[in-house]
Each structure stands twice: as structure tokens, then as C-alpha cells.
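Structure record follows, encoded as C-alpha cells.
The values are calculated or read from the model by the stated rules, or taken from the named source; none is laboratory data. All values reported here derive from a predicted model rather than from experimental measurement. Here the Cβ positions follow ideal geometry from the backbone for every residue, glycine too, while neighbour counts run over all protein chains shown.
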Amino acid sequence: MELILYILTYFLFAFNVIGYGNICAKKILSFNDRANIGYIGIYGIFTLTLISYISNLFIEHNYFHNLIILFLGIFFFIQYVLSIKNFRNNKDIKYLGFFLLISIFAILYFKSHDDFLYYHLSFIHNLTINKVEFGLGNFDLAFNHVSSLFFFHSLFSLPFTIDYFYFVGPALIMVFSNIILLKSILGFKKKVVFVDFLKIFIFIFINVFFYRLAEHGTDRSAIILILLSIVIIFQILDEKNLDKSKFENLIIFLTLIISLKSFYAIYGVLFLIIYFKFFKIYTISKFYKDFKIINISIIFGLLILFYNIAYTGCLVYPLAFTCSESFYWSMDVSRIEWAASFYELWSKAGATPAYRVENPTEYIQGLNWLGVWIDNYFFNKVSDTLFGLLFVVIFVFAIFKPKKIKFKFKKKYSLVLIVLIILLFEWFFNHPSLRYGGYHLLALIFFIPAAIILSNQDYIFSKNYKKIKIILIATLVVFASRNVDRILNENEIYKYNPFKSPTYKLDDKDYYLKMKKQNIYEKTNSCKSEYKKNHNCKIINSYRFFY
């Protein structure tokens with residue numbers, strides 16, 4: 001019974017998201033060709049995250065607040081369903097039902113992401129008990145990592161869910177992305193072109209490499225959206241005139257990507273590629289007039305910057321040059337510089353939970369780290385990923401059996417390919433960890449050339465429809481079977497039985513950041529505290545603020 005309620009609650013949250021997505025599509029976007037419920041779902045995540053950012057300025061995301069959000073979303077979803085003609089035979093509803101059902105295998109897990117218990121949970125929980133606060137980064141490193149995923153998840157804390165549904169964001173991004181890709185791949189066309197093959201490869205990658213939802217964190221959701229954005233960019237470049245709906249999708253996707261992890265702001269260059277293809281600098285007023293969504297994205301971006309400043313005093317943490325010590329709550333710049341160095345050290349295999357190199361500053365300079373990185377990280381993390389990507393390409397080639405190797409692509413793709421190569425070098429020299437932006441770049445190294453070769457074979461879609469279906473079905477079978485195997489392993493190791501209790505593991509110690517913070521925010525007129533030893537103190541509105 002508990003498992004059934006767990007699944008029904010998950011479905012309820014999905015319908016809630018779609019309800020808000022439909023409102024966004026109708027009221028803000030140019031509602032052309034919006035039948036794809038996958039896009040509507042992404043719009044819903046975008047809209048709810050924006051609502052979360054705004055409402056937390058004034059109120060904590062308590063049960064009352066979140067119940068109102070839920071009831072409104074379900075009301076909007078009912079409106080959406082009633083607007084669908086021939087509901088029973090609607091393909092989008094069938095796609096939604098299918099991918100929600102298959103995603104059940106992924107949402108059942110006992111051991112969550114290491115970062116979830118380290119800081120995700122405490123960050124989210126804090127949003128449910130307090131409105132926006134300033135200077136939290138001074139108290140614990142974990143509060144420096146502001147992500148839109150935490151704000152989105154804070155809306156799903158309810159009396160009947162408590163803190164056990166903070167997988168909804170990654171799960172629904174997977175579901176909606178799969179719908180977008182599958183519906184597009186199987187859509188009627190004469191030939192199977194380059195973008196179609198790229199979508200097939202990305203579909204395989206998402207479901208086979210990212211099958212374990214508990215490992216997604218904030219990184220993999222952003223990576224999935226980056227891959228979809230690359231597809232959209234290629235689609236736009238293929239057309240003589242700008243497709244307004246595709247460009248709006250790109251703006252929404254890039255906004256979400258940057259909000260999930262600030263350092264992905266570098267991918268804003270992809271937006272500029274499309275903008276300068278169809279617009280000039282002096283036509284920016286026309287651009288604003290034609291695309292209402294850009295105004296919403298600017299508000300979204302300003303809120304991202306505001307919350308970063310509120311928590312740390314930085315526009316983009318941990319880039320020290322974006323930080324200011326003029327705010328009384330700002331972190332000391334030396335601490336931020338140390339954090340930036342440590343993250344680089346970690347990504348270059350110079351630190352793990354078990355060890356740290358003797359001279360960190362010298363280690364991260366130049367290519368001093370390369371030998372250790374190859375020994376400790378390339379083998380076997382990166383190498384396994386590369387072999388896996390190679391196997392995917394060989395598998396697809398074995399199905400399609402190309403007769404010739406012809407590497408010819410459209411010149412209009414060149415700039416995108418150059419940008420991706422530059423981003424690959426930037427990743428390798430600065431933060432060569434797969435989770436820090438490496439997965440998708442390595443995948444695209446394999447997938448783009450493979451898609452170009454296959455697109456030069458002049459495959460007719462109708463004659464290769466069965467081959468495509470075999471690949472897609474095999475991918476979903478692998479996704480489901482790997483998750484079933486994982487659940488069986490967790491049952492053996494942790495005695496996890498989803499039929500008895502489907503929720504992931506939590507206990508009181510997982511809230512230590514919340515308890516630590518609450519103790520220092522007691523209402524008082526005195527600065528006397530153990531924290532006074534290492535921090536300055538101010539009394540503001542009868543509350544102690546340490547900095």
C-alpha cells in the first residue's frame with residue numbers, strides 16, 4: 001500500500017508540473033506546435049522554479065505555501081486535459097504514461113547521492129523553514145552552492161511527503177527529455193538526417209549512462225538539458241528562417257542550465273551563435289519585442305545573482321573576482337579563493353575523502369597533475385566512459401550497417417563544433433572531472449562524427465523504422481534491467497525492500513546544518529556565543545548575524 005501511494009504521489013507531482021507548463025506555454029510563449037508534452041513539462045519546471053525564487057523572498061516554503069502551489073498546478077493540469085481532443089488516443093498522454101511508469105524503476109532507491117546528505121537536504125529543508133537569509137555561506141561551505149534544483153524541490157515538502165520526494169526534479173527532467181527525443185525521433189520524415197541520429201545517440205546515452213537517478217545531483221540534469229540544447233541549435237541552423245518556438249525552447253533550456261550550476265554560464269555562448277545568425281546588435285529592441293520569454297529569463301537570471309549574493313556575497317561562487325567584501329554578510333575572499341583551489345584540486349584527482357597531495361598549490365599548476373589524474377581518475381572512470389561511448393557507436397553502426405565512411409557536414413555547423421572543442425579544452429585544463437561538465441563533451445566527441453557519417457548514407461526513414469525501434473526498445477530494456485539489478489543489490493546490501501518502504505534513507509543527523517544554523521539565529525539582544533570566537537557579530541532586528 002505504501003509503495004502504491006508513493007508512486008501515485010510521484011504521478012501527482014508530475015501532473016502538477018505539467019499544469020504550470022501549460023500555463024507558461026499559453027500565456028508567455030508563442031503557442032505554435034506545442035503538442036509535445038515533454039516541452040510542456042520542461043516549461044513547468046522552469047515556471048515552478050521561478051515561482052520558488054520569487055516566493056522565498058517573502059515567505060518560507062512551508063506546508064501551507066506548498067499545498068497552494070500543488071492545488072493550483074492540479075487545477076491547471078485538469079484544464080490542460082480538458083483541452084485535449086480525443087484524450088484516449090492522444091499520443092502525448094500515452095508517452096507521458098509510459099515514461100512515468102518506466103521511471104518508477106529509477107525512483108526506487110535506498111542510497112542517495114553523497115552530496116544529497118552532505119548539503120542538498122539541508123539547503124532544501126532550510127528553504128522550507130525560512131525565507132531568504134543573508135550570509136549563510138559563512139556558517140558552512142555547503143550553503144555556498146546555490147542551485148535552482150533546491151528551490152524547485154522545496155515546493156514538494158508536504159505533510160504526506162516530508163523530505164522524501166527530492167528526486168522529482170531529476171526524474172521528471174529524464175521523463176520529459178525522453179518524451180521530447182522519442183517523439184521527435186519517431187515523427188514522420190522522408191530521410192533520417194544528422195539531427196535524427198544525434199537524437200538517437202543522446203537517447204541511448206541518457207538512459208544507459210544516467211540510469212541511476214540517485215547519482216544525478218545537480219550536474220546530470222544540467223548535462224541532459226545541454227545535450228537537448230545542442231540538438232535544438234542544430235535544428236535552428238538547418239532552417240533559413242528563425243523558428244520562434246525552437247528559439248524560445250533554447251532560451252528556457254539555457255536559463256535552467258545556468259540556474260542548476262552557475263559555472264555552466266559559459267554555455268551562454270551557444271545563445272549568441274543563434275542570436276547573431278538572425279539578429280544584429282542594433283536590432284535588440286525588435287528581439288525583445290518578439291520574444292517575451294527573454295524578459296522572464298532576465299528576471300530569472302537576476303534572481304539567480306541575487307541569491308548567490310545573499311548566500312555568499314558573490315555573483316558567481318567561487319569566482320573570487322565576482323565577490324565583494326563590502327556587504328556585511330560577505331564571505332572572506334581568502335576563503336572563497338581556497339574553495340576554488342580545492343574544487344580544482346578535487347577535479348584533478350589531487351584530493352579524495354581518503355587522501356590529499358602534499359603541495360596542492362603546486363600540484364594544480366600547468367600539467368603537474370596529469371600523471372596522478374591518469375592513474376587515479378582516467379583509469380577507470382574516464383576510460384570506462386570512453387569504452388562505453390565507443391560501444392554505443394559500434395552498436396548503432398551494427399544495426400544500420402553503413403556502406404561507406406563519408407565525413408561531410410554542413411558548414412553552418414562549424415561554429416558550434418569549434419565552440420564545443422574549445423569547451424572541451426577548457427574542461428580538461430581547468431576541471432577535468434566528468435561530473436563537472438565532462439560527460440556530455442566526451443559523448444559529443446563520439447556522437448557528432450558518428451551521426452555525420454550515418455547521415456551521409458541517405459537512409460530512408462520508412463525503410464529503417466524497424467531498426468530505429470529496435471535501438472530504442474533495447475535502450476529502455478537496458479535502463480529498466482540495470483535499475484532492477486541495482487534494487488536487488490540494495491536489497492542484499494542494505495535490506496532495502498520497496499514493497500515495505502520505498503523511501504530513501506534519512507535520519508536525524510542528516511539535518512545537522514539546519515540545527516547548527518537554527519542555534520545561532522535565536523532572537524536575542526546579545527552577541528554572546530561560541531561563534532563570536534571566529535566571527536564578528538551584529539544585532540539586526542533583534543537577531544544575531546555573524547560574519
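Within the range 79-90, being in a helix (DSSP H, G or I), exposed (fewer than 13 other Cβ atoms within 10 Å of the Cβ) and not polar (S, T, N, Q) holds for L82, F87, R88.
Does F105 satisfy the criteria of being assigned to a helix (DSSP H, G or I) and touching a Phe, Trp or Tyr at 6+ places or on another chain (Cβ under 8 Å)?
yes
Among the residues of the range 161-198, write down those that are aromatic (F, W, Y) and within 16 Å of the chain's Cα centre (by Cα). Once the filter is applied, which keeps residues that are aromatic (F, W, Y) and within 16 Å of the chain's Cα centre (by Cα), the range 161-198 yields Y166, F167, F176. Taking first residues from the range 221-234 that are more than 14 Å from I200 (Cβ to Cβ) and partners that are not in a helix (DSSP H, G or I), the Cβ contacts under 6 Å between residues at least 6 apart in sequence or on separate chains come to A222/K261.
Candidates are the residues of the range 430-465 that are over 18 Å from K190 (Cβ atoms) and polar (S, T, N, Q); the one that is surrounded by the fewest Cβ atoms within 10 Å (Cβ to Cβ) is N430.
Got a sec? Which helices (runs of 4 or more DSSP H) wholly within the range 263-323 have at least 1 residues that are under 20 Å from the mean Cα position of the chain (by Cα)?
268-278, 293-312
In this entry, D140 is excluded by the filter for residues that are in contact with a helix residue (DSSP H, G or I) (Cβ under 7 Å, 6 or more places away or on another chain) and either hydroxyl-bearing (S, T, Y) or under 30 Å from F279 (Cβ atoms) (or both). Which one of these does F152 not meet: (1) aromatic (F, W, Y); (2) closer than 18 Å to T47 by Cα; (3) modelled with pLDDT under 95? Result: F152 passes all but (3).
Restricting E325, E362, E344 to those that are more than 30 Å from V231 (Cβ to Cβ) and without any contact (Cβ under 8 Å) to a residue 12 or more places away in the chain reduces the list to E362.
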